[in-house]
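These notes are about the structure you will find just below.
The values are calculated or read from the model by the stated rules, or taken from the named source; none is laboratory data. This one's a predicted model, so the numbers in the text were calculated from it and none came from an experiment. Neighbour counts run over all protein chains shown; Cβ positions are idealised from the backbone, glycine included.
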Amino acid sequence: MDTIDVSNLNRQFLFRMKDVGQPKATVAAERINARVPGVKVTPHFGRIEDQPADWYRSFSLIVLGLDSLEARRYMNSVVCGFLEYDDEGQPDLGSVKPMVDGGTEGFKGHARVILPGHTPCFECTLWLFPPQTKFPLCTLAETPRSPAHCIEYAHLILWGQVRPGEEFDTDNEEHMKWVYDKAAERAKQYGIPGVTFQLTQGVVKNIIPAIASTNAIISAQCVLEALKTLTCFSTGLDNYMMYVGSTGLYTHTAKYEKDPACPVCSAGVPLEVDPDATLQQFIDQLLADPALGKLLAAPSVSYGSTNLYGRGVFEAETRPNLARRLTELLGGGAAAEGAVLTVNDKKLRGPLRVRLRLGSGMSG
Ligand SMILES: [Zn+2]
């Protein structure tokens with residue numbers, strides 16, 4: 001959905017001054033088509049959520065050049081929604097849609113290859129995306145060590161003390177200048193060099209500069225991984241590469257592992273159930289589950305090709321099952337132990353697979 005801004009021109013080499021204001025996708029496609037013989041790029045100017053799942057299914061491979069975790073999680077749920085497992089819990093190769101992701105933040109970057117069902121997906125490794133670092137207030141107040149500490153002191157502490165009741169506006173030049181002046185004073189007091197007006201804006205607005213060389217390295221890695229995945233001319237990245245260019249040059253490749261309880265890509269999220277529970281009680285347990293409940297609104301449950309409880313047109317037909325014991329519906333305790341139930345819900349973009357473990361029963 002982005003349009004070209006004049007500040008993009010220092011690093012987004014496909015764009016020229018006359019393109020400012022135009023959609024990035026359209027201009028980029030035009031330039032590549034004109035420049036690279038034999039290549040046909042089709043631009044789409046719109047939100048990624050606006051395309052139906054079948055549109056994404058029509059591609060052999062998807063390369064993500066996204067700037068937010070939420071957009072990545074969305075695309076991850078789309079490709080993992082295509083995934084099908086066979087009876088042994090092995091992913092059906094035809095349903096695996098490879099995805100390559102790259103991202104940069106200043107002088108740091110990453111590239112990763114996601115083969116749903118084989119490698120961890122985004123949801124398996126959410127811990128890789130820690131919340132934005134904020135400085136502890138005591139550091140700002142007592143032991144500032146960097147220009148950013150001085151700026152945040154002026155912004156987060158001094159502003160409220162000196163100008164109480166006045167809301168700080170990042171687009172107000174006088175406000176920004178005030179924070180800069182106070183930060184510069186404090187930096188001088190502690191002998192910390194480097195507080196500038198530009199840095200003040202960067203820290204206060206949380207702007208991380210995009211660096212052309214980092215973007216080039218990461219996009220090159222993404223293209224290479226895409227080629228390797230499509231042509232098999234070489235073994236692909238297994239499965240996560242970090243690039244650090246801020247303190248020398250450093251890359252590190254790590255093989256992260258799938259989370260067996262990942263609700264998006266698991267062959268079966270383990271769930272302990274009471275052997276005496278009815279289907280209704282099982283559904284209630286799903287909705288009350290701390291991890292799974294928030295993903296669901298009105299689940300339907302099936303086992304293989306058998307619809308245990310469906311919504312809409314299947315509701316009347318399957319409603320009597322709600323009062324029956326789940327183990328009985330699955331053909332007895334031995335069959336129910338380890339059975340994988342498929343849960344569908346309008347809040348989910350793909351099926352949630354739940355692997356039953358029968359508990360000792362008599363739970364409250
Ligand atoms: Zn996963």
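Structure notes:
- Every residue from the range 3-12 that is under 28 Å from the mean Cα position of the chain (by Cα), surrounded by fewer than 12 Cβ atoms within 10 Å (Cβ to Cβ) and without any contact (Cβ under 8 Å) to a residue 40 or more places away in the chain: 7
- Residue count for the range 33-65, restricted to those that are closer than 17 Å to residue 2 by Cβ and either among the charged types (D, E, K, R) or modelled with pLDDT under 90 (or both): 3
- When the range 118-157 is filtered for residues that are small (Gly, Ala, Ser) and either under 19 Å from residue 205 (Cα atoms) or within 16 Å of the ligand (Cβ to nearest atom) (or both), the ones remaining, listed by number, are 146, 148, 154.
- Residues of the range 272-284 classified as surrounded by fewer than 19 Cβ atoms within 10 Å (Cβ to Cβ) and either of a type in the set (S, T, N, Q) or under 25 Å from residue 86 (Cβ atoms) (or both), total: 4
- Some residue of the range 304-325 being within 30 Å of residue 73 (Cα to Cα) and surrounded by 18 or more Cβ atoms within 10 Å (Cβ to Cβ): yes
- Residue match in the range 175-191 (condition: in contact (Cβ under 8 Å) with a residue 40 or more places away in the chain and outside any helix (DSSP H, G or I)): no
- Only one of the numbered conditions (1) of a type in the set (D, E, K, R); (2) closer than 21 Å to residue 262 by Cβ; (3) touching a residue at least 40 places away in the same chain (Cβ under 8 Å) is violated by residue 294, and that is (3).
- Residue selected from the range 158-170 under the condition acidic (Asp, Glu) and surrounded by 10 or more Cβ atoms within 10 Å (Cβ to Cβ), by the criterion farthest from the ligand (Cβ to nearest atom): 166
- Number of positions in the range 154-180 that are under 30 Å from residue 103 (Cα atoms) and over 31 Å from the mean Cα position of the chain (by Cα): 1
- Conditions (1) within 16 Å of the ligand (Cβ to nearest atom); (2) outside the structural domain of residue 344 (by TED's automatic domain parsing); (3) aliphatic (A, V, I, L, M): number failed by residue 292: (2)
- Residue within the range 94-103 that is of a type outside the set (Gly, Ala, Ser), without any contact (Cβ under 8 Å) to a residue 12 or more places away in the chain and not assigned by TED's automatic domain parsing to the domain that holds residue 199 present: no
- One residue stands out among those in the range 234-270 that are of a type in the set (Phe, Trp, Tyr) and either in contact with a Gly (Cβ under 8 Å, 6 or more places away or on another chain) or closer than 19 Å to residue 99 by Cβ (or both): the one that is farthest from the ligand (Cβ to nearest atom), which is 243.
- The lone criterion from (1) surrounded by 21 or more Cβ atoms within 10 Å (Cβ to Cβ); (2) within 21 Å of residue 224 (Cα to Cα) left unmet by residue 78 is number (2).
- Assessment of the range 308-327 against the conditions (in a loop (DSSP other than H, G, I, E, B), free of Cβ contacts under 8 Å to residues at least 24 places away in the same chain and more than 16 Å from the ligand (Cβ to nearest atom)) yields at least one matching residue.
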